[in-house]
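Step one of this worksheet: look at the structure below.
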Amino acid sequence: MPETRVLLEHAEDANLRTIDGYRGYGGYASLEKAYRQMEPDEVLKELEDSGLRGRGGAGFAMGKKASFLPRGDMPKYLCCNADESEPGAFKDRELMQRNPHQLIEGIAIAARAAGAGHAFIFIRGEYDLQGDILDAAVAEAYEAGYLGKDILGSHCDLELVVHRGAGAYICGEETALLDALEGKRGNPRLKPPFPAVQGLYGGPTLINNVETLSNVPHIVAKGAEWFKGFGTEQSPGTKVVSVSGRVKRPGNYEVELGIPTRELICDLAGGPLDGCELKAFYPGGSSSPVLKAEEGLDLPYSFEAMAEAGSMLGSGSIIVADDTVSIPHMALRTARFYHHESCGKCTPCREGTNWTVKMLERVVRGEATPMDLDIVASVQENIIGNCLCVLGDSMAMPVGAMVRKFRDEFEAVIAEAGDETAEPERIAAVQGPMESVGVGP
Amino acid sequence: MSKGQEITIVIDGREVGATEGEMLHDAAKRGDVEIPIFCYEPKLGPPVGACRMCLVEIEGVPKLQTSCSTPVRDGMVVNTRSEKVKEAQNAVVEFLLVNHPLDCPVCDKGGECPLQDITMGWGPGKSRFTDPKRHFEKPLPLSPLVAIDRERCILCYRCVRFSQEVAEDSQLQLLERGDRTYVGTFDERPYVAPFHGNITDICPVGALTNYTYRFRARPWDVEEAGSVCTLCPSQCNVSFTVRDEQVKRVIARDNEEVDDGWLCDRGRYGFEMFAAEERVTEPRLRGGAAAGWDEAIAKAAAGLRHASEIDHTGAGSNSDVPGRVAAIVGDASNEEGFLVQKILREALGSPHVESRRAGGASRETLLRLAQPDLAVRTKDLDDADAILVVGTDPLHDMSILDLRIRKAIRRNGAKLVVATDRPTALDGGAVAVHRYAPGNAASVFTELGGEDVLLKAESVVVVWGERIAREGEATLDALLDLATTLGLAANDSSGLLEVPELANGRGLREAGCLPDAGPGLSETSAHLPALSHGKGALVGKTTEEIRAALESGELKSLILFGADPLRDFPDTEAWERALTSVDHLIVFSMFENATTAKADVVFPLETHAEKDGTVTHPDGRLQRVRPSAARPGSIRPNYGVLAELALALGHDTGITSQPSAFAALAEAVPFYAGLDDAEISGRGIRWQDRDPASAFPEPGEDAGTPSSLATRRSGVGGLSPEASGSSRAKRSEGVPTSSLQLGTYRDLWAGPITELNPPLKFLQPEQRIEVSPSDAERLGLDSGDAVRVSQNGTSVQAKVAVKERVQEGVCFLTEGIVDANANELLNGGPVQVEIQKVER
Amino acid sequence: MEELVPELPVDPAVDKGRVPDRSSAEIPELHDVDCPDDLREEIEERMSRYPDRKSASIPALWAVQRRYGWCTPDGIRQAAAVMRVTPAYLESVASFYDLLHTSPAGEHRVHVCTNISCWMRGADDLLEAFAEAAGCDPHEARHGALSPDGKVFLSGFECLGACDIAPMASIDERYFGPLEAADAATAIEQLVAGGEVLPEKSLERRPLAGDRNGARGGGDA
Ligand SMILES: Cc1cc2nc3c(=O)[nH]c(=O)nc-3n(C[C@H](O)[C@H](O)[C@H](O)COP(=O)(O)O)c2cc1C
Ligand code: SF4
Ligand code: FES
């Protein structure tokens, strides 16, 4: 089963990065269409009809969100969320690095639909190469008159600023992103008010993911109907899926939503490493509850199917664990990440992630009792739904799922690690990457 | 808060009335349903929803909601006790305790700690957390006054929000991230800002504590005594924490009509000076000889009688006004001021009573300025569309107003216009800033009259500094003209708010401490029956005139009540001469100082923690100062001492107690009529809000008699606008280029408050001369250079501070500091100073 | 009189030899911080890009870090003076973000991803190899350690968004992977020598997963 490339079409051509290369494949035709032949409302309608769902995690209908912005000529803003920091996700990196103009064009068109005069690409600071590529592309686009004042004589202006973050996963959360953009610490805000009503600098703000916006030029070019021709009814379009972990060919693969997950993992990504067996995987980044191989492999890869299975498609990033991977250690790595990234503003997330890490460290050190596993589980329960944003839940859900689904493994680790003689032997039994896992803080 | 209409919501099955749009937590509270909170504090601005303690269940909403940030809607059904809510509450408390140490027994907050209380009331009973807690060095100095124990901090955001959203000093910040987050400052420097003590009031745990209070007392062996701070005109409501009849702590006693629940650090930490070595604790005679009360009073009376009996019409007198005795009142209550002027006018038949350090308006002008329809309440600042600050920097002159104005801008989008000679702390938030040359406020009013922001605004509050009255009548006329242009009288929430130089400046004037007006700003003749010789009003001498008359020998005796000319009045040298040549000097003072050193009789004064009396807030609110602590030494209530002195002078005031003193005052001041302690109560009351306000005298009743102050004043005491040219300071040719025009101000920290107060000593200002970068360059000066600032013969030492916002051609020095006092250089007119570097 | 004098606390600041200077933490004035012109201009240019100057705080701190190697107190004060904010505000922002350093951070930065996907493919060994090559304590290196010569700042890092080249590292802001333990020594040598680092492992040169070895959906990692 080959890929279905829309966003990644021509991506193999290094020249695609340049405005000429991009134009060579018909780039910016959609922008010309949107600014010359279409009214903002028509553009908005097209996006709504397409049913395009957000690719950043929440999967909210993009056109619908844009339609929430109030009319009227107060200053409005568009923020492209390029913070991509969720473990397992690296699709936006690929899209920005290989086809920056596709994103810029999408932003310009979305800005017209939303009536935004000022747009920002919030790119994680670590993506320095991609940031440089965007800077160059943005300069080219200004040069060509696709950005700036009175774009193509439409009397519409659009300023686009590439804003580099400085290393904080939480800034991917849309309201934290706004605070960061305003120059503050990236702490999430209370919702309501929602950004569409009161966002950046207090103005109506549309926030969308890189991949979401990269879809926009294609929808405007070929129409909503064409777009809905891909994927399922509730998950139209293609998706760039990041597959990583214990597979032969980790990487980004663009597929129609709804194809069997097995094809992604076993065909495109090459399946398990030789001599290993798939055990479990995160279907939508580290924030999604893990699925056992047997429950997940045959599910269609779509928003709805993953939700039904009690997990989520999230950012569309699959992390595969095989039989060499110790789930308790994986849980610990996961918890450590959220503990490190918690902004510290709200109590359950700040203290819950910290507490969970401390308990899991005792678990893998064998200094825990099965009773502690109950506490781990209950702490996850106490986090879910009680936090200011969903970062806390993003740890609690997968960790909770792992303790629930792989309790036996946790108990085994406690028992074995507790047993002096068993420990070294067991860890030696799993290969390289496992060895130093979980030792020390 | 939004002013929505009344609605009903259901909380825990009970109907509760609420106001549309108010936060659920507040509605519940008024319905006697307590929802636990940590981070929520409306005074700090919009809710942040960080601690998650206030989660409740709302019908129709799947997730629990934070009641601190959920506006109520009509018919909303809320459950604060459901299982789901209880679990969440237990969870949050358990999470909060994960990193909170169990050192309550040795914690200053113990017994008055919200975390303790909420853990008892809403916690799970026991924590399941067994791993090590986070560790910080504890306690650390956050400032010389506040200790921070980061292990106890629950990261509720309150203190940092105060720094960012109330004081706006943005010095206290959260550092690092996640559970590594801690409260701190830039580069670990101390948090030094004038309001920072407030964070100890709002911290819900023992993380922020006062060094002045640590381990001094426990909540169960102290009493709280409500009173008023009289260290500046803000007159903030305070509560003294008293143990063994001594003040151990001062905390805010939230009165949104006055202080909005905040205190400045002067009011909070100033109390340590009550016990200073320099405190006068018993009467004494010249040369320090201690005296009993009877002896001291007899001596004082004798001296006064002797002085006043000298015939004033005879040789050596060029005065048409009787009386050889004068009195100047400074730091005093209404009753004290009332009694002093009674002694002068009724016992000694002298009209020479003043309460102003220099200059000051005539009676007519005061009447026009204080008309009730031109008055505003402090609270009106909150909803003002525009605010004009002219001739004062509230931070230094009436500190708490600085926070109030910031609040109006931040929360209500009020448009601020600042018009001052010296850059103010508020400039940053102003839509327009006007600068005038020192001593030439008059000239700025023309510009202000054309200020769109003010003209367009519905409601305008004009905050003006009494300082500008030093310039003379013309300036105040200009102010009144502006008030007319802006139509302040027409709008209830528009008006003038004066920032007096004295903490109780307004009260003293209304009590009759003026040369041309008696109690209730009545005509003076009324109070000198024996002496009024049909010449219309008998007008006494102004402060400058008193000084001159003392020097010339025309006046023989002076009573200084809470006034210290050698520190606080312009032209120190002249005062030095005056106080040296006076025959008989009586000084009522809290502390020994250069002035008491010259006195024949010194009487001790009570502090505002010991005093019993009333003061009048600049907006007309009468407030009660209640005795909370024991008087040291043999100090007696001041009103009693004054009454005895009057008696010794053969005048029975009939005053034997504070109530009787206040009653006499209320009787003498028509617009205070019928006021009593009960009506003033704990919150005070504005006389303008009572019917008798109609008894406030109409201006222009006495057609300017020959001796009327107004006529004598025009131009005198300050400089007339003509005299000083344009509002921008320009070096008039002839003046050497090394000279700058001197402007002075009174630094917030200048005076005994820092000099005699160990905890605040580190704030004692050294003299700094503020100059513009261009002048600094021209004169080859750098920040930190030591210079001598001189003006024909007199000079003071100062350190250079180059300030971008100081305009070219002028420089500023602070008054009221013990040495290098700028008052030494002042002489009533505009002053050019020479600046020379001194090599060290 | 005597018993009235309360036992006063020793002024802790004085105690610590830190007698506060009243204006130390206020917004510094430009002429007091002697900010290099080019730095000032860069920050001003950044501020001009945003509707609100405060938005430039991260760009300003990046500029400071590029110039001084880390966000030094002096550098922060310079930026604060240009931006008209308090130094405390900027330090608070800087300390929130992993890539902004409020302590010395060497000349070269090596971030080794130790998050889930990289960990599954040997990240811990890789980090140890780098620690050995740079001469840092491996335990310290997990949270950031400076090499003895102060040249290389090595740190374990959360997911860098390159799980496809796991295990990987970010070396002076460029991505390299998949790396073997052996690559660590080479990389450090090349870094210190100032040459190009691991050219054949650079992400920039790597074709799309599906296009590797030409054939879409073919070719093993
Ligand atoms: C903790 C957290 C991290 C997030 N990180 C990202 C991210 O890195 N990139 C992203 O596009 N969305 C991220 N999101 C989702 C955003 O909040 C937001 O839903 C999304 O950017 C909206 O764009 P979309 O509708 O196009 O998906 C994150 C959400 C949370 C709670
Ligand atoms: S110090 Fe006190 S007020 Fe400040 S965040 Fe911590 S608990 Fe809250
Ligand atoms: S009080 Fe509501 S979240 Fe803190």
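The values are calculated or read from the model by the stated rules, or taken from the named source; none is laboratory data. It should be emphasised that the depicted structure is a prediction, and the values quoted were computed from it without experimental measurement. Please note: Cβ atoms are built from the backbone with ideal geometry, for glycine as well, and neighbour counts cover all protein chains shown. These accessible areas exclude ligands, DNA and RNA; they are computed on the full protein's heavy atoms, side chains included. Shrake-Rupley method; radii C 1.70, N 1.55, O 1.52, S 1.80 Å.
A few points about this structure:
- The residues of the stretch B:13-119 expose on average 39 square angstrom of accessible surface per residue, using a 1.4 Å probe on protein heavy atoms.
- Computed [θ] at 222 nm, helices only, for chain A once each DSSP H run of length n ≥ 4 contributes -39500 (n - 2.57): -12500 deg cm²/dmol
- The stretch A:280-424 shape via C-alpha gyration tensor axes, a/c threshold 1.5: oblate
- Solvent-accessible surface of protein heavy atoms, probed at 1.4 angstrom with all chains present, puts A:H339, B:H306, A:H163 in the order B:H306, A:H339, A:H163, largest first.
- Taking all protein chains as shown and a probe of 1.4 angstrom, A:Y35 keeps an accessible surface of around 10 Å².
- Once the Cβ-Cβ distance of B:R286 and B:A490 is raised to the sixth power relative to R0 = 56 Å, the FRET efficiency obtained is 0.50.
- Within the shell defined by Cβ-Cβ distances under 10 Å, the residues around C:S55 carry a net charge of +3, with Lys and Arg each +1 and Asp and Glu each -1.
- Using a probe of 1.4 Å on the protein chains alone, the accessible area found for B:V806 is around 10 Å².
- The mean sequence distance of close C-alpha pairs (under 8 Å, at least 6 residues apart), as a share of the length of the stretch A:268-394, puts its relative contact order at 22 percent.
- Full extension of the segment from B:V106 to B:H651, taken as 0.36 nm per residue of separation minus the current Cα-Cα distance, would add 190.4 nm.
- Shape call, the stretch C:23-91: gyration tensor on alpha carbons, a/c limit 1.5: rounded
- Scaled to the globular estimate 2.2 N^0.38 Å, the Cα spread of the stretch B:395-507, given as radius of gyration, is 1.02.
- Ranking B:D12, A:D408, B:D380 from most to least accessible surface, computed with a 1.4 Å probe over the protein chains only, gives A:D408, B:D12, B:D380.
- Nearest-ten-degree value, helix B:293-309 long axis tilted from longest Cα axis of chain B: 40
- Near B:R218, once Lys and Arg are set to +1 and Asp and Glu to -1 for all other residues with Cβ below 10 Å from its Cβ, the sum equals -1.
- Area of A:C349 that stays accessible when all protein chains are in place (1.4 Å probe, Å², to 10): 10
- Working from Cα pairs under 8 Å separated by at least six residues, relative contact order for the stretch B:606-654 is 31 percent.
- Per residue, the accessible area of the stretch C:67-165 comes to 29 Å², computed with a 1.4 Å probe over protein heavy atoms only.
- Protein accessible surface hidden between B and C, which excludes ligands and nucleic acids, total in Å², probe 1.4 Å: 3500
- Interface residues, the stretch A:230-251 - accessible area loss of 20 Å² or more versus chain alone, probe 1.4 Å: A:S244, A:G245, A:R246, A:K248, A:R249, A:P250
- As a length-normalised measure over Cα pairs under 8 Å and 6 or more apart, the relative contact order of chain A settles at 16 percent.
- Approximating the spin labels as points 7 Å out from Cα along Cα→Cβ, the C:D52-to-A:L152 distance works out to 3.3 nm.
- Mean partner shielding of peptide B:766-777, defined as the number of other chain Cβ atoms within 10 Å of each residue Cβ, is 1.
- Kirkwood's formula applied to the C-alpha pairs of chain A gives a hydrodynamic radius of 22.5 angstrom.
- Dipole axis of the protein assembly as shown (+1 Lys, Arg; -1 Asp, Glu on Cβ), positive-most option in B:T607, B:W749, A:G316: B:T607
- Distance from the Cα centroid of the stretch B:179-216 to that of the stretch C:179-199 is 48 Å (rounded to whole angstrom).
- Contact-buried residues of the stretch C:32-70, at a threshold of 50 Å² lost accessible area versus the chain by itself: C:R49, C:Y50, C:P51, C:S55, C:I58 (1.4 Å probe; DNA, RNA and ligands ignored).
- Only protein atoms count toward the accessible area here, which uses a 1.4 Å probe; on the protein assembly as shown, the carbon and sulfur part of that area reaches 51 percent.
- A 1.4 Å probe over all protein chains sorts B:W220, B:W122, B:W749 by accessible area into B:W220, B:W122, B:W749, starting with the largest.
- Fully extending the segment from B:S790 to B:R636 would add 51.1 nm, taking 0.36 nm per residue of separation and subtracting the current Cα-Cα distance.
- Taking the convex hull of the alpha carbon positions in the protein assembly as shown and averaging its projected area over all directions gives 58.0 nm².
- Using the rule -39500 (n - 2.57) for each DSSP H run of four or more residues, divided by the residues of chain B, the 222 nm mean residue ellipticity is -6000 deg cm²/dmol.
- Farthest toward positive dipole pole in the protein assembly as shown [+1 Lys/Arg, -1 Asp/Glu at C-beta], among B:C236, C:T72, B:F95: B:C236
- Shielded residues, the stretch B:66-110 - accessible-area loss of 40 Å² or more between chain alone and all protein chains, probe 1.4 Å: B:F95
- Partner shielding of C:136-144 amounts to 1, given as the average count of beta-carbon atoms from other chains within 10 Å of each residue beta-carbon.
- Cα gyration tensor category, rounded, prolate or oblate, for chain B with a/c compared to 1.5: prolate
- Selected from B:L208, B:L579, B:G450, residue furthest toward positive end of dipole (chain B; charges at beta carbon): B:L208
- Most mobile of A:G366, A:G284, A:G275 in a GNM of chain A (Cα contacts under 10 Å): A:G275
- Computed over the alpha carbons of the stretch C:31-163, Rg followed by Dmax gives 17.1, 54 Å.
- Range of Cα positions in the stretch A:14-112 per principal axis (Å), largest first: 40, 35, 26
- The slack in the chain from A:R365 to A:V161, taken as 0.36 nm per residue of separation less the alpha-carbon distance, amounts to 68.7 nm.
- Note on B:D32 and C:D38: the model spin-label points, each 7 Å out from Cα along the C-beta direction, lie 7.3 nm apart.
- For the pair C and A, the buried accessible area comes to roughly 5500 Å² in total, with a 1.4 Å probe and the value rounded to the nearest 100.
- Label point distance in nm, B:E278-B:Q5, each placed 7 Å from Cα along Cα→Cβ: 6.2
- Residue mean of other protein chain beta carbons inside 10 Å, A:87-93: 6
- Between A:E381, A:E295, A:E84, the Gaussian network model of chain A with springs among Cα atoms under 10 angstrom shows the greatest mean-square fluctuation at A:E295.
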